[in-house]
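Reading through the structure tokens given below for one structure.
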Amino acid sequence: MFVPPVWAAAENAPTRAEANNDSPIEEVLVSARRRGEERLQDVPVAVSVLSDEALRKAGITDLSEVATRTPSFTFGQQIGNQHEIVIRGIGTLRLTGSAAEPSVGLFIDEVYVGRRGTATPPLFDLERVEVVRGPQGTLYGKNVVGGAVNLLTARPRTEAEARVAVSYGQFDVFSGRDLWEGTGYVTGQLADTVTGRLAAYYRTHDGYSQNVLLDEALDDQDNYAMRGSLLFQPTAALDIHLIADFSHNESNGQSRRAVDDLSIPGLGAVVGSGLLSNNVRESDAPWTQWEDHDTAGLTARIDYRLGSGHMLTYLSAVRYGNFNGRYSLVGTQSPPSLTDAANGQREKYTGFTQDLRLSSAAEGSAVRWVAGLYFLREDTDIIDNSIATTFLSALGPGSVGDILDGEFIYDQQNITKSSAIYGELTWAMTDAVSLTAGGRYTYDDKSYRNRSECLDFGAQPDFIFCVAPLGAEFWNIRTSKSWSELTPRVSLDWRRSDSVLLYASAARGFKGGGWQGKPGTRAAALFPYDPEIAWTYEIGAKTDWADGRVRANLAVFHTDFDDLQVEQLDDAGLSLIIDNAASARIKGVELEMQLRPLAQLQLWLSGSYLDSEYRDFIDSAGNDLSGNRLARTPEFRFTGGVDYALYINDAFSLDTRVEYQWQDDMPWLVENTVLEDSFGLLDARVALQSLDAQWELALFGKNLTDELYRVDAIPFLGDVFSRFGAPRSYGVQFTKTF
């Protein structure tokens, strides 16, 4: 990935003549293999990196913007606690059940976050973001069958330093909606053996959508966060790092808009013809909506350097999330819609992590290894409340209106206890060839409770049918189940030359089993689905050319899935169900390139091609969906950009950055009937900056072509209730470094 140049001090900044000389691409360090920091080009794993400067220049504050810049990575969001991450076609769409787990792991300073939507803070003051693609079951554990996203926060520094950045902008909609953002940090030495860092983040913006019925702005945001860290180094052999963070976000909720489902001609007009506005950024939902979201975390990490270069690491952490929100599923009234359903969700998550590992010396031996013990406890409580009304209730008791009219709740709790032992060994067979083998044995135990209750049987109650999907109430069902899996990995890499690394690998990953989030009956609530299993075979190359001015990294892979957990839309019960319904095959190619012909000029291009299909897939209605593409998986996607620094004199430069992200069309669901058209996003930034890095004044723009695209879609009886991404925005930012 692109890492822009930074001139740390005026005496180190190049003159105009020096800037025209050749300059190699800067080295990137990663910790993807949990062996300390390694050069990206030395790691035989498909991993993309966004540095702190790349994050800052691109204005990235959430995972959706990481996804658009990473091969084979797509992101969607139904509501604030539902982050839908898919890597290489593998992902969990909605974590509606308290026992559900993601297929892509999210880690903050190596701490696993199981409910990423509920317990993930905004992205600020990060050292880098690493996206590791493919199963990483050996060192990362379960639920990384598709890959892992690692957020590494900035560490305290000995030298005193501070930075403040303030931005003002507007969304180009409704005569302008304001956007304010502020970030800052201060770091330095507090005592002889203690350094600290304090960072803060604030972002607020007016809604870029509008509820014309209730006269409320939607898709707004009021978000703040803080993080503090202390690094104690009482001896040369001991590091103790403490990190604490908190964030809060609130808004009036999201806007949804009914769009005709072209796969069912004619039916969509029932809604479309009755909407109060033709503007897709306006809704006429009758429900008050909101989102209120808190996250917090506390991490303690101890690194003790033993004799002979060995390292003992102990990691203890707790992550917390609390979400409360409600949104309109259809974005309009009934009529014109058949129903005007709204869904409310309250979710509390606590994850407690213990990780103890021992690793060998980084150099001096032909054998390197890492081994460890791991424990994770997750407590997840969800209250899911759905309410709906329909004009069809006038048909009377026993009619179709019964399942579209009423109110219910699901009250769920799940406790997961996951234990593992893991290890990985690398043997340098020759100076150029190394063999790596490892494995992880994981034991999961889950205890699950669920209660459903019909709070209102509707305008014409028959006291038999509640609103779908609840067919019959059940009270405090309890069940438990355990699973265990061995996830090995083996790879062979060949250092063909100082600038070329070739590798081949095979890895197994799995995602844990669970129970339905919204079961229609007691029997459905008690019936579990099993873990999904994947084997991925990969060959890759990491290369530098032209004296380090050209970098090209390539990965080619093939993934076979068994017992794939598939989310299906059950129109009959009006619900989403998860079942081990299919096997799947995914083949792909990923390419990342950088070019730096001059010190002040960098170009980058990354992209992916994915060929995916379900196999042996009969859905809940008996339809054969074998051969369909995997949901949320575009065939092609790419990101390209250029960063050019024009040196005005020995004191100032003008830095221009342009970036374009494009993805092919993709199916929203397994049926492949509802597609998102291909689209592209154009971002740009122009900054006047001092060469001593003391200040910067920048103009920025995002989605400059004002592309209309969706971040979520719910098809229902001829319509697709759609949530759209942010419109064009632009603004100015001032940054001061002390």
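The values are calculated or read from the model by the stated rules, or taken from the named source; none is laboratory data. Remember, it's a predicted structure, so these values are computed and weren't measured experimentally. Don't worry about glycine lacking a Cβ; one is built from the backbone with ideal geometry, like all the others, and counts go over all protein chains shown. Please note that ligands, DNA and RNA were not included when accessible areas were found on the heavy atoms of the full protein model with its side chains. Shrake-Rupley method; radii C 1.70, N 1.55, O 1.52, S 1.80 Å.
Filtering segment 291-337 down to residues that are among the small types (Gly, Ala, Ser) and in contact with a helix residue (DSSP H, G or I) (Cβ under 8 Å, 6 or more places away or on another chain), which residue is nearest to Ser251 (Cα to Cα)?
Taking segment 291-337 as the starting set, the residues that turn out to be among the small types (Gly, Ala, Ser) are 296-297, 300, 307-309, 316-317, 321, 325, 328, 331, 334, 337.
From what's left, in contact with a helix residue (DSSP H, G or I) (Cβ under 8 Å, 6 or more places away or on another chain): 297, 321, 334, 337.
On the way: Gly297: 22, Gly321: 17, Ser334: 25, Ser337: 25 Å.
Selected residue: Gly321.
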Just give me the residues in segment 310-344 being more than 27 Å from the chain's Cα centre (by Cα) and small (Gly, Ala, Ser), in sequence order.
Ser334, Ser337, Ala341
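Condition check ((1) modelled with pLDDT of 95 or more; (2) aromatic (Phe, Trp, Tyr); (3) surrounded by 16 or more Cβ atoms within 10 Å (Cβ to Cβ); (4) under 29 Å from Leu591 (Cβ atoms)) across all residues:
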site	(1), (2), (3), (4)
Thr633	no, no, yes, yes
Thr639	yes, no, yes, yes
Tyr644	yes, yes, no, yes
Asn649	no, no, no, no
Asp655	yes, no, yes, yes
Glu659	yes, no, yes, yes
Trp668	no, yes, yes, yes
Glu671	no, no, yes, no
Arg685	yes, no, yes, yes
When Tyr304 is run through (1) assigned to a strand (DSSP E or B); (2) modelled with pLDDT under 95; (3) open to solvent by 50 Å² or more (accessible area, probe 1.4 Å), the failure sits at (2)
Those residues of segment 83-119 that are assigned to a loop (DSSP other than H, G, I, E, B) and farther than 25 Å from Thr639 by Cα come to a total of 14
Ile60 surrounded by 24 or more Cβ atoms within 10 Å (Cβ to Cβ) and not small (Gly, Ala, Ser)
no
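Any idea which of Leu708, Leu681 is touching a residue at least 12 places away in the same chain (Cβ under 8 Å), open to solvent by 30 Å² or more (accessible area, probe 1.4 Å) and not small (Gly, Ala, Ser)? First the steps, then the outcome.
Numbers: Leu681 fails: open to solvent by 30 Å² or more (accessible area, probe 1.4 Å).
Of the residues listed, the single one that is touching a residue at least 12 places away in the same chain (Cβ under 8 Å), open to solvent by 30 Å² or more (accessible area, probe 1.4 Å) and not small (Gly, Ala, Ser) is Leu708.
Looking at segment 318-328 only, could you name the residues that are under 27 Å from Ser283 (Cα atoms) and surrounded by fewer than 22 Cβ atoms within 10 Å (Cβ to Cβ)? Walk me through it before giving the result.
Looking only at segment 318-328, we keep the residues that are under 27 Å from Ser283 (Cα atoms), and these are 323-328.
Of everything in segment 318-328, those that are under 27 Å from Ser283 (Cα atoms) and surrounded by fewer than 22 Cβ atoms within 10 Å (Cβ to Cβ) turn out to be Asn324, Arg326.
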Do we find that Thr543 is crowded, with 22+ Cβ neighbours inside 10 Å and of a type in the set (S, T, N, Q) in this structure?
no
Restricting segment 687-705 to residues that are open to solvent by 30 Å² or more (accessible area, probe 1.4 Å) and of a type in the set (D, E, K, R), the residue that is modelled with the highest pLDDT:
Lys702
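For (1) in a strand (DSSP E or B); (2) in contact (Cβ under 8 Å) with a residue 24 or more places away in the chain; (3) touching a Leu at 6+ places or on another chain (Cβ under 9 Å), each residue gets a yes or a no:
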site	(1), (2), (3)
Leu605	yes, yes, yes
Gly627	no, no, no
Ala631	no, yes, yes
Asp655	yes, yes, yes
Asn672	no, yes, yes
Here the residues within segment 562-603 that are modelled with pLDDT of 90 or more, closer than 23 Å to Val132 by Cα and not polar (S, T, N, Q) are Ala584, Arg585, Ile586, Lys587, Gly588, Val589, Glu590, Leu591, Glu592, Met593, Leu595, Leu603
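Residues checked against (1) open to solvent by 20 Å² or more (accessible area, probe 1.4 Å); (2) part of a strand (DSSP E or B):
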{"position": "Asp178", "(1), (2)": "yes, yes"}
{"position": "Tyr185", "(1), (2)": "yes, yes"}
{"position": "Leu190", "(1), (2)": "yes, yes"}
{"position": "Gly196", "(1), (2)": "no, yes"}
{"position": "Gly207", "(1), (2)": "no, no"}
{"position": "Gln210", "(1), (2)": "yes, yes"}
{"position": "Tyr224", "(1), (2)": "yes, yes"}
{"position": "Ala244", "(1), (2)": "yes, yes"}
Hey, can you tell me all the residues within segment 64-77 that are open to solvent by 10 Å² or more (accessible area, probe 1.4 Å) and either part of a loop (DSSP other than H, G, I, E, B) or among the small types (Gly, Ala, Ser) (or both)?
Ser64, Thr68
Failed item in (1) open to solvent by 10 Å² or more (accessible area, probe 1.4 Å); (2) at pLDDT below 90; (3) at positive phi, with Gly718 passing the rest:
(1)
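Would it be correct to say that Leu315 is open to solvent by less than 50 Å² (accessible area, probe 1.4 Å), of a type in the set (A, V, I, L, M) and at pLDDT 90 or above? Reasoning before the result, please.
Details: open to solvent by less than 50 Å² (accessible area, probe 1.4 Å): yes; of a type in the set (A, V, I, L, M): yes; at pLDDT 90 or above: yes.
When the stated conditions are applied, Leu315 passes them.
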Of all residues in segment 135-159 being under 15 Å from the mean Cα position of the chain (by Cα) and not in a strand (DSSP E or B), which is nearest to Ser612 (Cα to Cα)?
Gly146
Among the residues of segment 495-542, which ones are in contact (Cβ under 8 Å) with a residue 40 or more places away in the chain, polar (S, T, N, Q) and part of a strand (DSSP E or B)?
Ser505, Thr536
Can you tell me which residues in segment 492-512 are under 27 Å from the mean Cα position of the chain (by Cα) and either open to solvent by 50 Å² or more (accessible area, probe 1.4 Å) or polar (S, T, N, Q) (or both)?
Ser505
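Quick check: is even one residue across segment 610-617 assigned to a loop (DSSP other than H, G, I, E, B) and basic (Lys, Arg)? It would help to see each step written out before you state the result.
Taking segment 610-617 as the starting set, the residues that turn out to be assigned to a loop (DSSP other than H, G, I, E, B) are 616-617.
Those still in the list that are basic (Lys, Arg) too: none.
No: zero hits.
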